[in-house]
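Enquirer: A single structure is presented below for examination.
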Amino acid sequence: MLIPIYQAHNDKIKGLLGNGYAPGTLEHFKISLKYLKEFPIWKYDVKDIAISKIDVAMITEFDFYLRSEKNCNNNTAVKYVRKFRKIIKICLNNDWLEKDPFVKYDGKMKEVETEFLTDEEIKDIYSKKFRTPGLERDIVIFCAFTGLA
């Protein structure tokens, strides 16, 4: 079944935090697993999917679920599906699957245009007084110049 394999994978990543894996990586895999737990209930009214039943149609439906039910944009949906693909590769490497169901899946990232603050906007932020604790002007300016969110 899919969910225990995915959970075992996430448990291994948790054990390797700081040793090749960052906390953000684990968090993305956790979210992908959460959505993969919800998906078969939504689509098939079952709690888990046998890995032998995973095909391109199921993958395409999962992609649709992410976009429609979870309101993920294209790039976010593709990233979650790619996390799922890693689990399928584990299944293939262990001979639990005979063929790769992702061969015909075509999830492509879209180019994102990043908008930058103008000099005028940076000056406005720099001259603003913040009342919220923790929202220091220098932190906001630092983030603007370094590209941190």
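The values are calculated or read from the model by the stated rules, or taken from the named source; none is laboratory data. The model shown is predicted, which means the values in this text are computed figures rather than measured ones. Positions of Cβ are generated from backbone atoms using ideal geometry, with glycine treated the same way; all protein chains shown enter the neighbour counts.
Enquirer: I need a count of the residues in region 29-53 that are exposed (fewer than 15 other Cβ atoms within 10 Å of the Cβ) and touching a Lys or Arg at 6+ places or on another chain (Cβ under 8 Å).
Expert: 2
Enquirer: Let me ask something else about it. Any idea which of (1) outside any loop (DSSP other than H, G, I, E, B); (2) in contact (Cβ under 8 Å) with a residue 40 or more places away in the chain is the one residue 82 doesn't satisfy?
Expert: Status for residue 82: all satisfied but (2).
Enquirer: Could I ask something else about it? Answer with yes or no whether residue 100 is closer than 25 Å to residue 25 by Cα, more than 20 Å from the chain's Cα centre (by Cα), modelled with pLDDT of 85 or more and outside the structural domain of residue 49 (by TED's automatic domain parsing).
Expert: yes
Enquirer: Of the conditions (1) under 20 Å from residue 9 (Cβ atoms); (2) loosely packed, with under 13 Cβ neighbours inside 10 Å; (3) among the basic types (Lys, Arg), residue 123 fails just one. Which one is it?
Expert: Unmet for residue 123, out of (1) under 20 Å from residue 9 (Cβ atoms); (2) loosely packed, with under 13 Cβ neighbours inside 10 Å; (3) among the basic types (Lys, Arg): (1).
Enquirer: Tell me which of these residue 130 doesn't satisfy, since it passes every other one: (1) surrounded by 12 or more Cβ atoms within 10 Å (Cβ to Cβ); (2) closer than 30 Å to residue 1 by Cα; (3) outside the structural domain of residue 58 (by TED's automatic domain parsing); (4) not polar (S, T, N, Q).
Expert: Condition (2) is where residue 130 drops out.
Enquirer: Further, regarding this structure: With respect to residue 79, is the statement that it is charged (D, E, K, R) and surrounded by 10 or more Cβ atoms within 10 Å (Cβ to Cβ) true? Outline the logic, then answer.
Expert: Working: charged (D, E, K, R): yes; surrounded by 10 or more Cβ atoms within 10 Å (Cβ to Cβ): yes.
Yes, satisfied.
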